[in-house]
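What follows is a set of notes on a single structure, which appears directly below.
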Amino acid sequence: MTRSTLFSERIRHYCIQREISYYHLSYRSTVPMGTLMHILDGSTRNPRIHTLLKICSGLDIDIKEFFDCDAFENIELDAE
């Protein structure tokens with residue numbers, strides 16, 4: 001699994017879990033809707049940590065929780 005796919009899946013997972021739309025996440029996190037959509041569709045393959053921190057804030061989770069999954073342990077760092 002690629003990083004971009006994994007970032008997208010994690011964001012989608014938390015939006016579904018918390019029952020919030022991408023628009024609402026964009027508003028809550030102050031990440032522009034276009035930026036969020038580029039992360040979700042894989043156009044942005046390696047988002048900045050600052051952007052991920054803002055997204056996590058909008059999801060009411062910390063960055064550790066976002067990265068706390070088996071998939072991130074097995075990710076190929078030089079695949080992208």
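Those residues that are of a type in the set (A, V, I, L, M), in a helix (DSSP H, G or I) and open to solvent by less than 40 Å² (accessible area, probe 1.4 Å), I need them from the range 19-36; list them, please. Quick ask: steps written out before the conclusion?
Narrowing the range 19-36 to residues of a type in the set (A, V, I, L, M): 20, 25, 31, 33, 36.
Next, only the ones that are in a helix (DSSP H, G or I) stay: 25, 33, 36.
Of everything in the range 19-36, those that are of a type in the set (A, V, I, L, M), in a helix (DSSP H, G or I) and open to solvent by less than 40 Å² (accessible area, probe 1.4 Å) turn out to be Leu25, Leu36.
Name the single residue that is least open to solvent (accessible area, probe 1.4 Å) among those in the range 64-77 being of a type in the set (A, V, I, L, M, F, W, C) and outside any loop (DSSP other than H, G, I, E, B). Walk me through how you get there before you give the answer.
Filtering the range 64-77 down to residues of a type in the set (A, V, I, L, M, F, W, C) leaves 66-67, 69, 71-72, 75, 77.
Now restrict to residues that are outside any loop (DSSP other than H, G, I, E, B): 66-67, 71-72.
Working: Phe66: 2, Phe67: 68, Ala71: 41, Phe72: 33 Å².
The selected residue is Phe66.
Yes or no: the range 30-38 includes at least one residue that is of a type outside the set (Lys, Arg), over 17 Å from Ile20 (Cβ atoms), out of contact with any strand residue (DSSP E or B) (no Cβ under 6 Å at 6 or more places or on another chain) and modelled with pLDDT of 90 or more.
Looking only at the range 30-38, we keep the residues that are of a type outside the set (Lys, Arg), and these are 30-38.
Those still in the list that are over 17 Å from Ile20 (Cβ atoms) too: 34, 38.
Narrowing further to those that are out of contact with any strand residue (DSSP E or B) (no Cβ under 6 Å at 6 or more places or on another chain): 34, 38.
With modelled with pLDDT of 90 or more added as a condition, the list becomes 34, 38.
Yes - at least one qualifying residue is present in the range 30-38.
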*Looking at Ile16, Ile61, which is the one that is part of a loop (DSSP other than H, G, I, E, B), among the aliphatic types (A, V, I, L, M) and over 10 Å from the mean Cα position of the chain (by Cα)?*
Ile61
*Counting only residues that are touching a residue at least 24 places away in the same chain (Cβ under 8 Å) and part of a helix (DSSP H, G or I), which one in the range 37-55 is surrounded by the most Cβ atoms within 10 Å (Cβ to Cβ)?*
Ile55
*What are the pairs, 6+ residues apart or on separate chains, where a residue within the range 1-26 that is over 17 Å from Phe67 (Cβ atoms) has its Cβ under 9 Å from a residue that is assigned to a helix (DSSP H, G or I) and charged (D, E, K, R)?*
Ile20/Arg28; Tyr22/Arg12; Leu25/Arg18
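The values are calculated or read from the model by the stated rules, or taken from the named source; none is laboratory data. Because the structure is a prediction, the values reported are computed rather than measured. Counting neighbours? That spans all protein chains shown, and the Cβs are built from the backbone with ideal geometry, glycine included. When the accessible area is computed, the model is the full protein with side chains, heavy atoms only, and any ligands, DNA or RNA have been set aside. Shrake-Rupley method; radii C 1.70, N 1.55, O 1.52, S 1.80 Å.
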